[in-house]
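Please read the structure below before turning to the comments.
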Amino acid sequence: MPINATVITTDEWGAKPPRVPSFELTTARYVVVHHTDSQNPPKDSSKRTKDGAMAFARAIQNDHFKRGWSDSGHNFLNTTGGFVLEGRTGTVDAIKHGNCVRSAHAAQDPGRLPKGNESPGIENEGNFMSFPMGDTQWASLVSLCAELCTALNVLPANIRGHREFSSTDCPGDWLFGQLPRLRQDAATKLGIEISPAEAFGAARLQEVAFGEFGPHVMALQRRLLGSGFSPGAIDGIFGENTREAVISFQRDHNLKVTGRVDKLTRQALGL
Ligand SMILES: [Zn+2]
């Protein structure tokens, strides 16, 4: 696997042994993107160096031990210098065999996507609520996502953000808004074409409906607004205003009025 060539393993960065003998092997459904919610350059913890990246990985593991966890909660750390480090022990070995290890980065909250902890979680150093990620870190994120998609047989459309699984603002508004570009860039790296709908993460869904979160909902909201039906804030949350806008759109286009975005409604919206 090419992933071995680019990842600094737990042995290399001096991880402490986990508090359990091993972690359950899992089948990944997604690649889950996070931010560490820590300082951005020039005050970033790793200072864009390899030594700094390894020290940051050790600090995070210590922090996760203090929370009572059995090891680092994430599977990978991608630092501001573009260094990628293994998180939870055993991750790289598992991925070589097409599996992941059960981790602790994406708790399952009600009404959100399931099985985040069975999928690899990438912590990106920084706080990306409004701060844009630098080119070096972005390039290493794209490469890692592409490698994980190949190794774990995950479609680029299923590169997701932490907030789709848990009640959190992680990976930050800016980075969450960049997920369509991340999917597109990963797909380009893999030499595969994805449709705009897939880039927006809609491929998995037959219907989009009240209560859903994610870039696919943001794409829907933009299309509604562009068609003259305001869904309120373009926030990626399918709430009451989005539902009202879908109903108005369906009425206007002589579609069955359900408030849910079924296949015909999606086609009429151009999604
Ligand atoms: Zn997160």
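The values are calculated or read from the model by the stated rules, or taken from the named source; none is laboratory data. Bear in mind that the values here come from a model prediction, so they are computed numbers and not experimental data. Reconstructed Cβ throughout: ideal geometry from the backbone, glycine too, with neighbour counts over all protein chains shown. Areas reflect the complete protein model, heavy atoms only, side chains present, ligands, DNA and RNA absent. Shrake-Rupley method; radii C 1.70, N 1.55, O 1.52, S 1.80 Å.
Looking at region 159-202, which of the residues that are charged (D, E, K, R), surrounded by fewer than 24 Cβ atoms within 10 Å (Cβ to Cβ) and more than 14 Å from the ligand (Cβ to nearest atom) is farthest from Ser143 (Cα to Cα)?
Our first condition is that a residue be charged (D, E, K, R); within region 159-202, this holds for 160, 163-164, 169, 173, 181, 183, 185, 189, 193, 198.
From what's left, surrounded by fewer than 24 Cβ atoms within 10 Å (Cβ to Cβ): 169, 173, 181, 185, 189, 193, 198.
Within this subset, residues satisfying the condition of being more than 14 Å from the ligand (Cβ to nearest atom) are 181, 185, 189, 193, 198.
Working: Arg181: 13, Asp185: 9, Lys189: 8, Glu193: 16, Glu198: 19 Å.
So, considering only residues that are charged (D, E, K, R), surrounded by fewer than 24 Cβ atoms within 10 Å (Cβ to Cβ) and more than 14 Å from the ligand (Cβ to nearest atom), the one farthest from Ser143 (Cα to Cα) is Glu198.
Kindly indicate the residue of region 233-267 that is of a type in the set (Gly, Ala, Ser) and at pLDDT below 90 and also nearest to Gly177 (Cα to Cα) among those meeting that condition. Don't jump to the end; show me each part of the working.
Residues of region 233-267 of a type in the set (Gly, Ala, Ser): 233, 236, 239, 245, 248, 259.
Pick out the ones that are also at pLDDT below 90 and you get 233, 236, 239.
Details: Ala233: 14, Gly236: 9, Gly239: 18 Å.
The residue in question is Gly236.
When you look at Glu147, is it acidic (Asp, Glu) and either within 16 Å of Glu24 (Cα to Cα) or not in a helix (DSSP H, G or I) (or both), yes or no?
On the way: acidic (Asp, Glu): yes; either within 16 Å of Glu24 (Cα to Cα) or not in a helix (DSSP H, G or I) (or both): no.
The answer is no for Glu147.
Give just the number: which of (1) among the charged types (D, E, K, R); (2) closer than 26 Å to Phe131 by Cα; (3) in contact (Cβ under 8 Å) with a residue 60 or more places away in the chain does Glu118 not satisfy?
(2) is the only condition that Glu118 fails.
Tally time: how many residues in region 29-62 are touching a residue at least 60 places away in the same chain (Cβ under 8 Å), open to solvent by 40 Å² or more (accessible area, probe 1.4 Å), of a type outside the set (Ser, Thr, Tyr) and away from the ligand (no atom under 16 Å from the Cβ)?
Going through region 29-62 one residue at a time, the tally reaches 4.
What's the number of the condition Asp135 fails, among (1) of a type outside the set (Phe, Trp, Tyr); (2) away from the ligand (no atom under 14 Å from the Cβ); (3) at pLDDT below 95; (4) open to solvent by 40 Å² or more (accessible area, probe 1.4 Å)?
(3)
Could you figure out which of (1) surrounded by fewer than 24 Cβ atoms within 10 Å (Cβ to Cβ); (2) more than 16 Å from the ligand (Cβ to nearest atom); (3) closer than 19 Å to Glu24 by Cα isn't true of Asp71?
For Asp71, the exception is condition (1).
Being within 19 Å of Gly14 (Cβ to Cβ), touching a Phe, Trp or Tyr at 6+ places or on another chain (Cβ under 7 Å) and either among the aromatic types (Phe, Trp, Tyr) or within 13 Å of the ligand (Cβ to nearest atom) (or both) is the filter here, so list the residues in region 78-122 that pass it.
Across region 78-122, the qualifying residue is only Gly87.
Go through the residues of region 211-226 one by one and say whether even a single one is within 16 Å of the ligand (Cβ to nearest atom), assigned to a loop (DSSP other than H, G, I, E, B) and closer than 23 Å to Ser130 by Cα. Before the answer, list the steps.
Quick first cut of region 211-226, residues within 16 Å of the ligand (Cβ to nearest atom) only: 213-215.
Filter once more, keeping what is assigned to a loop (DSSP other than H, G, I, E, B): 214.
When the remaining residues are screened for being closer than 23 Å to Ser130 by Cα, the result is 214.
Yes: region 211-226 contains one or more residues that are within 16 Å of the ligand (Cβ to nearest atom), assigned to a loop (DSSP other than H, G, I, E, B) and closer than 23 Å to Ser130 by Cα.
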